[in-house]
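Student: I'd like to ask you about the structure that follows.
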Amino acid sequence: MTGIVMFLAALLMLGIGFPVAFTFGAVAMIFGLVGGMIESFADGDGIIGGFVVFKDMFAFMPYRIFSIMENKILIAVPLFVFMGIVLQKAKLAERLLESMALLFGEIRGGIAISTILVGALLAASTGVVGASVVAMGVISLPVMLKYKYDQALGCGTICASGTLGQIIPPSIVLIILGDIFSVPVGELFHEAFVPGLVLVGAYIAYILAASYLKPEIAPAVRSKIDENKIKQILRALAAILPPLLLVICVLGSIFAGIATPTESSSFGCVGAILLSFFYRTFSFTMIKEALEESIKTTALVFTILVGATAFSMVFSYTGGDEIVEKFMTNLPGEKWGFIVFSMLVIFVLGFFIDFVEISYIVLPILAPIALNLGINPIYFAILIAMNLQSSFLTPPFGFSLFFLRSVAPPQIKTGAIYKGVIPFIALQIIILIVFTIILL
């Protein structure tokens, strides 16, 4: 049971507040030594024998680290992050929100619908959840409050739309899942498009229904700009078409088989820089800041990955993976029992830890079991990505909630943010169940 206790100890340390990037590595070292000592004393070899077992346990760690650093799939992570940050610094969100608000503001819930559509476009072009939520929180939320929108509806809309980047390609989550499940990232991108669009449609339908049943929570806004509808549409198209063209080129090259995700991500970086020229926001200072932020994000992801690799090695050595596999395969319902239980575990863990830790700690255990049960790894990965998206919204540690709280006006209470995301979490769960039945 050493591996199971080790897993619980890691969750406890994360709950106390230990840095995520170092928790799993530290727990692996401590329990690796404890496990080595237990095995050595059981064999009568004493303390020296315990250190020998510990050394053998980590003998392949350097090879694992070099394998991670040489992984060509994961090269796409820093490139897509850089692309997203450059577009964010080019004030893409501001331009899209201003244009969309002109088009949809005059219908009930129009500003909230505009926020959802901009979130989808930002997801397909930047994929940076924090940047999307902060930008829309700064720009869209004050406008909603000005026109007497319900606080909970406004906050929930912004948080939910900002998380669309976790399922709509090019998504960092999908790249990581492609590496874990050893499936082509391009196929994951292709299969994730429909669930992403369904989520967007469900969010918009909810806003329309809520504003129809209770007009006071999302009133229509009369435009004060003396400009006919054709000019408004042309202005909106001028803001939408450049990033949309970049998305089509990046994803189209993957879907058409012209480029790999890694190659297309480098093309996306060049396209983002060209768009910054087009928007007249380019500067070498901006590029330097984007590079620094990309390095920080990438370093965090890879540090977690190295720690998670050490954790999984010790977990497997102590027999934890065998216990989990035996438990999962003996669940009632066989394949469906495994799917329901694994989705429930991932959803619950999302309340407490980030998608990166869940991906590298839990999924390497679940992936081989899914293959043994005959579950399609691509569809299983898509369902997991939809499930992981909820981790950004579920309190107490949903990152979207923290991002919005950091930029929300003082009159917005934390309770309003938590209340606002509940309907969107419910929609995600319903759509996840529907796609689980359809895909598997």
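The values are calculated or read from the model by the stated rules, or taken from the named source; none is laboratory data. This structure is a prediction, so every number in the text was calculated from the model and none was measured. Ideal geometry is used to build each Cβ from the backbone, glycine not excepted, and the neighbour counts take in all protein chains shown. Just so you know, the surface numbers come from the protein's heavy atoms only, side chains and all, with ligands and any DNA or RNA stripped out. Shrake-Rupley method; radii C 1.70, N 1.55, O 1.52, S 1.80 Å.
Student: Quick one: which residue in 367, 381 is hydrophobic (A, V, I, L, M, F, W, C) and over 30 Å from residue 133 (Cα atoms)? Quick ask: steps written out before the conclusion?
Tutor: On the way: 381 fails: over 30 Å from residue 133 (Cα atoms).
The unique qualifying residue is 367.
Student: Would you confirm whether any residue within the range 61-75 is at pLDDT 80 or above and either open to solvent by 70 Å² or more (accessible area, probe 1.4 Å) or acidic (Asp, Glu) (or both)?
Tutor: Yes, that holds for at least one residue.
Student: Working carefully through the options 131, 120, find the one that is under 15 Å from the mean Cα position of the chain (by Cα), surrounded by fewer than 24 Cβ atoms within 10 Å (Cβ to Cβ), among the small types (Gly, Ala, Ser) and at pLDDT below 80.
Tutor: Numbers: 120 fails: at pLDDT below 80.
Result of the check over 131, 120: 131.
Student: Restricting attention to the range 357-388, which residues are of a type outside the set (A, V, I, L, M, F, W, C), buried (at least 20 other Cβ atoms within 10 Å of the Cβ) and under 20 Å from residue 14 (Cα atoms)?
Tutor: Within the range 357-388, 357, 359, 360 qualify.
Student: Could you say whether any residue in the range 34-57 is assigned to a loop (DSSP other than H, G, I, E, B) and modelled with pLDDT of 75 or more? Show your work before the answer.
Tutor: Step one: of the range 34-57, the residues assigned to a loop (DSSP other than H, G, I, E, B) are 44-45.
From what is left, the residues that are modelled with pLDDT of 75 or more are none.
Looking for residues that are assigned to a loop (DSSP other than H, G, I, E, B) and modelled with pLDDT of 75 or more, one finds none in the range 34-57, hence no.
Student: Right, next: Of all residues in the range 187-201, count the ones that are open to solvent by 20 Å² or more (accessible area, probe 1.4 Å) and not β-branched (Val, Ile, Thr).
Tutor: Summing the residues that are open to solvent by 20 Å² or more (accessible area, probe 1.4 Å) and not β-branched (Val, Ile, Thr) in the range 187-201 gives 6.
Student: Here is a check on your reading of the model: is residue 354 open to solvent by 20 Å² or more (accessible area, probe 1.4 Å), under 27 Å from residue 135 (Cα atoms) and either of a type in the set (D, E, K, R) or within 17 Å of the chain's Cα centre (by Cα) (or both)? Quick ask: steps written out before the conclusion?
Tutor: Details: open to solvent by 20 Å² or more (accessible area, probe 1.4 Å): yes; under 27 Å from residue 135 (Cα atoms): yes; either of a type in the set (D, E, K, R) or within 17 Å of the chain's Cα centre (by Cα) (or both): yes.
So residue 354 passes the test.
Student: Right, next: Got a number for residues in the range 79-107 being modelled with pLDDT of 85 or more and open to solvent by 10 Å² or more (accessible area, probe 1.4 Å)?
Tutor: The total comes to 2.
Student: What are the residues in the range 258-281 that are touching a residue at least 60 places away in the same chain (Cβ under 8 Å) and either of a type outside the set (Ser, Thr, Tyr) or outside any helix (DSSP H, G or I) (or both), if any?
Tutor: Of everything in the range 258-281, those that are touching a residue at least 60 places away in the same chain (Cβ under 8 Å) and either of a type outside the set (Ser, Thr, Tyr) or outside any helix (DSSP H, G or I) (or both) turn out to be 260, 261, 268, 269, 271, 272, 273, 275, 279, 281.
Student: Residue by residue through the range 167-181, note down the ones that are open to solvent by less than 10 Å² (accessible area, probe 1.4 Å) and part of a helix (DSSP H, G or I).
Tutor: Selection gives 173, 174, 175, 176, 177, 178.
Student: State the number of residues belonging to the range 1-38 that are open to solvent by less than 70 Å² (accessible area, probe 1.4 Å) and either under 15 Å from residue 319 (Cα atoms) or over 26 Å from the mean Cα position of the chain (by Cα) (or both).
Tutor: Filtering the range 1-38 down to residues open to solvent by less than 70 Å² (accessible area, probe 1.4 Å) leaves 2-4, 6-7, 9-11, 13-15, 17, 20-21, 23-28, 31-37.
This time we only want the ones that are either under 15 Å from residue 319 (Cα atoms) or over 26 Å from the mean Cα position of the chain (by Cα) (or both), so: 2-4, 6-7, 28, 31-37.
Here the count works out to 13.
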